Amino acid sequence: MAELLFLLLFSAQLVASNANAQAAKVLGARLGVYPDYTRFVIDLDRDVEFTYFLLPDPYRIIIDMPEIDWSAPPGKVTSGGGLISGLRYGLFKPGTFRVVLDVAEPSLVSKIFSLPSSDGKPNRLVVDLKSSSRDAFLNASRESMVAYSARSRNDTSVTEQSVDVAVTSGRGGDEKPLIAIDAGHGGVDPGAIGVGNVYEKDLTLAAARQLADTLTATGRYRVILTRDKDVFLKLRQRVEIARKNDADLFISLHADSIGNPKHRGGSVYTLSENASDKEAAALASKENKSDVIAGIDLSDENSLVQSILIDLAQRETMNLSATLAANMVSQLAQSIELQRRTHRFAGFAVLKAPDIPSALFEMGYLSNATDAKLLQSPAHRKKIAEAVLRAIDIYFEKHKF
């Protein structure tokens, strides 16, 4: 009888443990616009802890929670209303789910609180915003960041270094070249949103996985993915992952969006502080703001940013990058539509590793219906991967590893 009672209690504990291990689910989100304030509400299947802080330029309210499952559609919140001009959300780092409220003007959090489920209503996280002056917003931002930084230093349970990095060795071990593949954007940073509401972050991850599979299947290369799931990475983290693992090449995958829906085709970029054209300069500027847009964690900055500033005297790395890009252009031209000015130059932060030949591949324009459809096709992504493989083969034939 005692043994049976023990088993029943143990089973109950297991059930409770499994329930707690499952992420809380978002059931929906909505906005309420009132004369004096704007209310943002997240409906959840259980109560969750949260913290928040404010960031200026652009004005944002950042709300962090434990990892949650937000598969429910956000409704009309993404297009904004009242003081809120837009909503973005996603995994910021392991253990932290981030919600970013873009606000149209300086706005303070007048109230933020949880409501338990009652009368058929689910658990709710409620945020009330009131219009403020810029000075008041900046003061509140500084105060909230001081508190946030203190919490971050005390929270040792999850760190940025816990981001999983998958290295695929292939056959034959460590003597093979290591290729770092960087899927652009991720988590709270969706990147471009294209025709049919397709997200750049999803397509770049699918393309990165396909390229990794194609490279490792040859048995000639090892591969490292800067991210293998929908998680946000700072630009410097992407470069740091490649450098820490002594990668021999770095290829970053992206898909742009532009005002002209007829504009389509891929292009390959390498680093130059002098952009090759206005479009290249604009794209680099937009990509380099990814960290800002996602609401970066300012409590964990270090000197790595300084250490990766490219020394323009290091011509060898830049020349090797240009060789890689030229190979990619020649091989991709055999498989997909490319722009007329295919190899371009701009100051992308993600290409600034001083010792790793690097290229950024814009696979197409999500604002173009044809490109958006093709990039969602596994067959098309396989064609891209096979072309990049040929380019890498040519690179290493000339530059013996």
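The values are calculated or read from the model by the stated rules, or taken from the named source; none is laboratory data. Since the structure is predicted, the reported quantities are computational estimates derived from the model, not experimental observations. All Cβ positions, even for glycine, are placed from backbone atoms using ideal geometry, and neighbour counts span all protein chains on display. Only protein heavy atoms, including side chains, enter the accessible area calculation; ligands, DNA and RNA are left aside. Shrake-Rupley method; radii C 1.70, N 1.55, O 1.52, S 1.80 Å.
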* Asked: Quick one: how many Å² of residue 263 are accessible to a 1.4 Å probe, rounded to 10?
  -> 50
* To do: Name the long-range amide H neighbours of residue 69: under 5 Å, sequence gap of 5 or more, or other chain; modelled H, no Pro or chain starts.
  => 24, 25, 26
* Asked: Each residue of region 86-101 in order: what ³J(HN,Hα) in whole Hz does its phi give by Karplus 6.51 cos²θ - 1.76 cosθ + 1.60, θ = phi - 60°, with x for Gly and Pro?
  -> x, 9, 9, 7, x, 6, 8, 7, x, x, 10, 9, 10, 10, 10, 9
* lysines within cross-link reach of residue 93: Cα-Cα under 21 Å, excluding same-chain residues under 8 positions apart? -> 25, 201, 229, 234, 244, 289
* To do: Note the full-extension length gain between residue 334 and residue 399 as 0.36 nm times their separation in residues minus their Cα-Cα distance, in nm to one decimal.
  => 21.1 nm
* **Hull-based mean projected area of region 315-391, where the convex hull spans the alpha carbons, in square nanometres** => 5.6
* Asked: HN-Hα J couplings of region 207-222 from phi, Karplus 6.51/-1.76/1.60, θ = phi - 60°, integer Hz, Gly and Pro as x?
  -> 5, 5, 5, 5, 5, 4, 4, 5, 5, 5, 5, 6, x, 9, 9, 9
* Sort 246, 228, 355, 393 by accessible area with a 1.4 Å probe, largest first. => 246, 355, 228, 393
* **Added length on full extension, which subtracts the Cα-Cα distance from 0.36 nm per residue, residue 23 to residue 72** => 16.3 nm
* Asked: Can you list the HN-Hα couplings for region 125-139, worked out from phi with the Karplus curve (6.51, -1.76, 1.60; θ = phi - 60°), rounded to whole Hz and with x for Gly and Pro?
  -> 9, 10, 10, 9, 10, 10, 4, 9, 8, 5, 4, 5, 5, 4, 5
* Whose amide H sits under 5 Å from the amide H of residue 124, counting only residues 5 or more places off or on another chain, with H placed in the peptide plane? -> 44, 115
* Just the accessible area for residue 78, please: 1.4 Å probe, Å², rounded to the nearest 10? -> 60
* Structure fact -> Descending accessible area (1.4 Å probe), largest on the left, turns 373, 121, 278 into 278, 373, 121
* Theoretical FRET efficiency, 1/(1+(r/R0)^6), r = Cβ-Cβ of residue 115 and residue 36, R0 22 Å, to 0.05 -> 0.65
